[in-house]
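Notes for the one structure printed next.
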Amino acid sequence: MKALTALFGRDAKLAVRAGGGAPVAVLFFLIVVTITPFALGPDLALLQRIGPAILWIGALLASLLALDRLLAADLDDGSLDLLTMSDTPLELALAAKALAHWLTTGLPLVIATPLLALFLNLDLVASAAVAATLLVGTPALTFLGLAGAALTVTLRRGGLLLSVLVLPLTIPVLIFGVAASNAAIVGPLPFGTPFMILCALSLTGLVIGPVAAALALRSGHD
């Protein structure tokens, strides 16, 4: 447990010191949200209706943008090999790394959502609903992306391939995230059903992501 805590703290500090992760992701999120109204025109009712989808797509793309940083630094300094050969279960170590990555890249997207929702004519209730769905849904994006990062970490310029591999896996998260947001804003479906499915997807990603990533890393060392 002490080793996992130390690993988690190290990854969080490195992510903050290195920079680029959270600022670039939030900036990309901001660009997507602010450019879309210019393309759609001054129809405020339309913006309000599709606002949750725009926010979710922006957060999804921003999360994919930051995934290539998840394991790249560990490969460069050799700590990835040490993790593979250490006594600490690799699955738990990778889960701790993914959690630290989400706290430094995914959580800032959630915090920025209420402010960016103003650009889409969403009221306080609507922005809170979208932020809640992103809070429980973006961990699934990170943990599913962990498996893709493990598969492409040793490849040169694997960032594009990583996005291609992970994007299809994130579609269910996007669907139920937008469905839950729309249910809270306009109905008629109840908010609880898609929201609970979104929570289940995050829990599934929490289990499957580290296991698949560990298998990919072990097979790469065989």
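Since every read-out is calculated from the coordinates, none of them should be taken as a lab result. Predicted model, so just to flag it, every value in this text is computed and none were measured. Heads up, the Cβs are rebuilt from the backbone with ideal geometry, glycines too, and the neighbour counts pull from every protein chain shown.
Evaluating 6.51 cos²θ - 1.76 cosθ + 1.60 at θ = phi - 60° for every residue in region 95-101, the Karplus couplings come out as 4, 5, 5, 5, 5, 5, 5 Hz, glycine and proline recorded as x.
Close amide H contacts of Asp68 (hydrogens built in the peptide plane, cut-off under 5 Å, sequence separation of 5 or more or a different chain): none are found.
Expressed as a rounded percentage, what relative contact order does region 83-176 have, with Cα pairs under 8 Å and six or more residues apart? Answer for region 83-176 is 26 percent.
Between Leu46 and Ala200, the FRET efficiency from the beta-carbon distance, with R0 = 35 Å, is close to 0.65.
Take peptides 139-151, 58-70, 86-98, 162-174 and line them up by average Cβ neighbours within 10 Å, highest first, as a rough protection proxy. Provide the component values of the computation, followed by the final result.
Working: 139-151: 27.6, 58-70: 23.5, 86-98: 19.2, 162-174: 17.5.
In descending order of packing, they fall as 139-151, 58-70, 86-98, 162-174.
Residues in region 189-197 carry Karplus couplings, in order, of 5, x, 5, x, 5, x, 5, 5, 5 Hz; the curve used is 6.51 cos²θ - 1.76 cosθ + 1.60 with θ = phi - 60°, and Gly or Pro positions show x. Here the Karplus curve 6.51 cos²θ - 1.76 cosθ + 1.60, taken at θ = phi - 60°, turns the phi angles of region 200-207 into couplings of 5, 5, 5, 5, 5, x, 4, 7 Hz, with x standing for Gly and Pro.
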